[in-house]
Amino acid sequence: MNFSLYIAKRYLFTKSKNKAINYITLVAGLGIILGTAALFIVLSGFDGLKAFSLEFTSFTDPDFKVLPSQSKNISLSSTQRKMLSEIEGIASFSTVVEEKVLLSCEEKYLAIDLKGVDKHYPQKTIDSILTYGDWISQDLQQIVAGWGVSNTLGFGVYDLTKIIRIYAPKPGTGQITSVKGAFKSMKVANVGLFQINESINSSRVYTSLQNAQYLLGLKPDKISAIEIISVPGVDETKIRLALSKIFDDEIVIKSRVQLNAALYKMLNAEHLAVYLIFTLILIIALFNIVGSIIMMILHKKDDLKTLYSIGTTKQEIQNIFFIQGGLMTIIGGLIGLFLGAIIIGLQLCFDLLMITPSLAYPVVLKGSNFTIAFSTILILGLIASRLASWNLKKLQFTDQAN
């Protein structure tokens with residue numbers, strides 16, 4: 001193996017008298033460098049977009065959300081509330097009521113997702129999403145609407161000239177004798193605007209927990225869910241067990257990932273698709289290695305006969321070109337990773353590529369991307385080198401085929 005390595009290094013780093021082979025080798029090396037750099041940059045860019053997309057869920061979604069397993073609401077007694085506050089690993093929790101209702105403003109109507117929150121709703125979340133105006137007061141008939149809802153219905157913040165009403169279906173059974181009798185309404189004032197993403201901005205309105213309970217005809221202990229903020233590094237299993245004991249397994253506990261299962265699934269599928277597409281491009285680029293090694297074998301045919309005549313086995317000669325291809329792949333892959341890391345670093349430091357005048361294209365420099373990109377190019381490069389070295393089987397080093 002040491003002999004094969006020595007000859008392989010000579011063939012790789014020594015300039016050939018045949019200019020065509022030099023050009024082919026150069027093109028093969030550049031293909032590996034640029035292919036590795038491109039794969040690394042694309043993976044880093046996609047991770048940046050993924051982190052940017054998931055950043056919005058971290059603003060609004062809790063670490064854990066307790067939901068009823070069967071009915072639309074759960075009961076939370078004062079005893080259960082105290083037990084919740086004593087669970088180790090829970091930093092804070094808030095109770096919410098969520099339901100689809102109708103919002104109107106001057107003969108314009110829009111179906112929205114009403115979310116009633118209590119006074120313990122995380123201040124960090126409020127500061128992250130509230131872009132204009134004030135947050136709701138728990139004892140007043142106020143709402144905070146998304147920008148999309150505000151634009152659709154045509155009201156602003158503290159707009160006293162506009163009458164805004166929320167309509168919610170009255171619970172119960174029996175025939176409906178009038179439209180007025182079928183709905184419970186509340187006149188509200190919009191005191192602020194929030195921004196999360198386009199979908200939520202155009203469909204959600206926040207109000208106080210008491211207002212939501214009144215509109216939906218719920219008792220003070222009836223809620224839709226409990227949103228929990230946990231201590232960093234907490235054991236998820238322990239929290240789930242403690243919550244199940246408090247509510248007698250009548251609940252469903254969802255983590256942030258489970259709350260956004262569709263989003264995570266879509267992002268992971270897109271990540272895999274991007275990786276496979278660029279891997280296919282790499283495979284095409286690595287045909288240059290095969291061509292380079294085959295040309296080298298043909299060019300060095302006389303030298304190989306000499307090596308064979310002095311006792312070098314065909315397997316050792318094959319290893320020479322396999323190692324040559326492997327060295328080309330490793331060196332080109334490392335240079336490509338270095339080049340890709342420089343480009344990503346420059347983007348992080350100087351915002352070279354902008355999505356909007358105020359928003360730079362998000363990228364993430366992760367060690368896993370180094371591993372994925374280098375492992376991919378290494379495996380594909382070694383396979384290409386092995387395929388090319390097998391062409392030696394067709395050569396005859398003596399008058400009779402071996």
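The values are calculated or read from the model by the stated rules, or taken from the named source; none is laboratory data. Only a predicted model underlies this, so the values are computations on that prediction, with no experimental measurement involved. Note that we place each Cβ from the backbone using ideal geometry, even for glycine, and neighbour counts take in every protein chain shown. All accessible areas refer to the heavy atoms of the entire protein, side chains included, with ligands and DNA or RNA removed. Shrake-Rupley method; radii C 1.70, N 1.55, O 1.52, S 1.80 Å.
Yes or no: the range 228-237 includes at least one residue that is among the charged types (D, E, K, R) and in contact with a strand residue (DSSP E or B) (Cβ under 6 Å, 6 or more places away or on another chain). No, there is no match, as no residue in the range 228-237 is among the charged types (D, E, K, R) and in contact with a strand residue (DSSP E or B) (Cβ under 6 Å, 6 or more places away or on another chain).
For the range 141-167, residues that are in contact with a Cys (Cβ under 8 Å, 6 or more places away or on another chain) and among the aromatic types (Phe, Trp, Tyr) total 1.
Within the range 367-389, is there a residue that is open to solvent by 70 Å² or more (accessible area, probe 1.4 Å) and farther than 27 Å from residue 31 by Cα? No, every residue in the range 367-389 fails to be open to solvent by 70 Å² or more (accessible area, probe 1.4 Å) and farther than 27 Å from residue 31 by Cα. Checked against (1) within 30 Å of residue 243 (Cα to Cα); (2) of a type outside the set (Ser, Thr, Tyr); (3) modelled with pLDDT of 90 or more, residue 55 meets all criteria but (3). If you go through the range 234-256 and keep only what is in contact (Cβ under 8 Å) with a residue 12 or more places away in the chain and among the β-branched types (Val, Ile, Thr), you end up with 234, 239, 246, 251, 252, 253.
Restricting the search to helices (runs of 4 or more DSSP H) fully inside the range 271-354 and requiring at least 2 residues that are open to solvent by less than 10 Å² (accessible area, probe 1.4 Å) and either at positive phi or at pLDDT 95 or above (or both) gives 314-350.
Here residue 280 meets each of (1) within 30 Å of residue 85 (Cβ to Cβ); (2) out of contact with any Gly (no Cβ under 6 Å at 6 or more places or on another chain) with one exception, condition (1).
If a residue has to be closer than 22 Å to residue 382 by Cβ, touching a residue at least 40 places away in the same chain (Cβ under 8 Å) and either of a type in the set (S, T, N, Q) or in a helix (DSSP H, G or I) (or both) to count, how many in the range 1-29 make the cut?
We begin by selecting, within the range 1-29, every residue closer than 22 Å to residue 382 by Cβ; these are 1-13, 21, 24-29.
From the residues that got through so far, the ones that are touching a residue at least 40 places away in the same chain (Cβ under 8 Å) too are 1, 3-5, 7-9, 11-12, 21, 24-25, 27-29.
The next check asks that each one be either of a type in the set (S, T, N, Q) or in a helix (DSSP H, G or I) (or both); those that pass are 3-5, 7-9, 11-12, 21, 24-25, 27-29.
Qualifying residue count, the range 1-29: 14.
Which of the residues belonging to the range 20-52 are among the hydroxyl-bearing types (Ser, Thr, Tyr) and surrounded by 16 or more Cβ atoms within 10 Å (Cβ to Cβ)? Scanning the range 20-52 gives 25, 36, 44.
Conditions (1) in contact (Cβ under 8 Å) with a residue 12 or more places away in the chain; (2) not charged (D, E, K, R), marked per residue:
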| position | (1), (2) |
| --- | --- |
| 272 | no, yes |
| 278 | yes, yes |
| 286 | yes, yes |
| 294 | yes, yes |
| 300 | yes, no |
| 328 | yes, yes |
| 339 | yes, yes |
| 347 | yes, yes |
| 359 | no, yes |
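From the list 250, 198, exactly one residue is under 23 Å from residue 76 (Cβ atoms) and acidic (Asp, Glu). Which is it? Result: 250 is the single residue among 250, 198 that is under 23 Å from residue 76 (Cβ atoms) and acidic (Asp, Glu). Count of the range 192-224 residues, restricted to those that are within 22 Å of residue 66 (Cα to Cα), in a strand (DSSP E or B) and open to solvent by less than 20 Å² (accessible area, probe 1.4 Å), is 5. The set of residues in the range 230-262 that are of a type in the set (A, V, I, L, M, F, W, C) and open to solvent by 50 Å² or more (accessible area, probe 1.4 Å) comprises 231, 241, 252, 257, 259, 261, 262.
Against the definition (touching a Phe, Trp or Tyr at 6+ places or on another chain (Cβ under 9 Å), β-branched (Val, Ile, Thr) and farther than 16 Å from residue 168 by Cα), how does residue 101 come out, yes or no? No: the conditions fail for residue 101. Within the range 53-70, the set of residues being open to solvent by 20 Å² or more (accessible area, probe 1.4 Å), in contact (Cβ under 8 Å) with a residue 12 or more places away in the chain and assigned to a helix (DSSP H, G or I) comprises 53, 54, 56, 58, 59. Checking the range 225-234 against the condition returns a match, with at least one residue being in a loop (DSSP other than H, G, I, E, B) and under 16 Å from residue 84 (Cα atoms).
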